[in-house]
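Written out below as structure tokens is the structure these notes cover.
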Amino acid sequence: MSIDNLKNALPEYAKDQKLNIGSLTRSTELNEEQLWGALVAAAAATKNETVISEIVDEAKGHLSEAALEAAFGAATVMAMNNVAYRSRHMLGDDYANVKMGLRMNVISNPGVEKVNFELWSITVSAMNNCEYCLGAHAETVKAEGLTKEQIWEAVKVGAVVNAVAQAVQIQDAR
């Protein structure tokens, strides 16, 4: 089990993250595709090779190839959008109506249920600190029937995977 590999690699100071990731993988808020897609998108967003490899290895037993690709798509398109939308917001009102001019077709045709892709976009947007994208995607999934508990679970996945990657990176640097 690859999540177990990550947990076993965590030092004592990251014991909370070991417990948190274990709890999240048993989530009752999200269905299997939602959970494992969020884990993959979050792992990709960390840019940590060990975290990506370990989570993806296990996720292959829970996700179709299309869902795995969609989770990677969510991570990459949100890496772009989070920078662009956050920057447009920080530049102020003069930029509010500037045409974005960036391709993001994967959002309208992700290869999985749109609500799941949008949920994974929430995970990555939370990790990338993009208030605009976080809010926009949350509104979309709420309109599709997801609850605030499900949205928060996706945020927690991003937070914990980010912390796990931090601990792995520290250990690799020591």
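The values are calculated or read from the model by the stated rules, or taken from the named source; none is laboratory data. These numbers were taken from a predicted model, which means no experiment stands behind them. With ideal geometry, Cβ positions are generated from the backbone for all residues, glycine too; neighbour counts draw on all protein chains shown. Only protein heavy atoms, including side chains, enter the accessible area calculation; ligands, DNA and RNA are left aside. Shrake-Rupley method; radii C 1.70, N 1.55, O 1.52, S 1.80 Å.
If Leu102 meets every condition in (1) over 20 Å from Leu134 (Cα atoms); (2) in a loop (DSSP other than H, G, I, E, B); (3) not β-branched (Val, Ile, Thr) apart from one, which number is that one?
Failed condition: (1).
Quick one: which of Glu144, Glu139, Glu131, Glu149 is open to solvent by 80 Å² or more (accessible area, probe 1.4 Å), in contact (Cβ under 8 Å) with a residue 60 or more places away in the chain and farther than 21 Å from Ile3 by Cα?
Glu149 is the lone residue from the list that is open to solvent by 80 Å² or more (accessible area, probe 1.4 Å), in contact (Cβ under 8 Å) with a residue 60 or more places away in the chain and farther than 21 Å from Ile3 by Cα.
Looking at (1) surrounded by fewer than 21 Cβ atoms within 10 Å (Cβ to Cβ); (2) more than 23 Å from Thr46 (Cα to Cα); (3) of a type in the set (A, V, I, L, M), which is the only condition Val106 fails?
Unmet for Val106, out of (1) surrounded by fewer than 21 Cβ atoms within 10 Å (Cβ to Cβ); (2) more than 23 Å from Thr46 (Cα to Cα); (3) of a type in the set (A, V, I, L, M): (2).
Can you find, within segment 19-43, the residue that is most open to solvent (accessible area, probe 1.4 Å) among those that are without any contact (Cβ under 8 Å) to a residue 60 or more places away in the chain and of a type outside the set (Val, Ile, Thr)?
Selected residue: Arg26.
Within segment 53-65, can one find any residue that is of a type in the set (A, V, I, L, M, F, W, C) and either open to solvent by 40 Å² or more (accessible area, probe 1.4 Å) or touching a Cys at 6+ places or on another chain (Cβ under 6 Å) (or both)?
no
Specify which of the listed residues (Val112, Val77, Val141) is in a loop (DSSP other than H, G, I, E, B), of a type in the set (Val, Ile, Thr) and under 21 Å from Ala44 (Cβ atoms).
Val112
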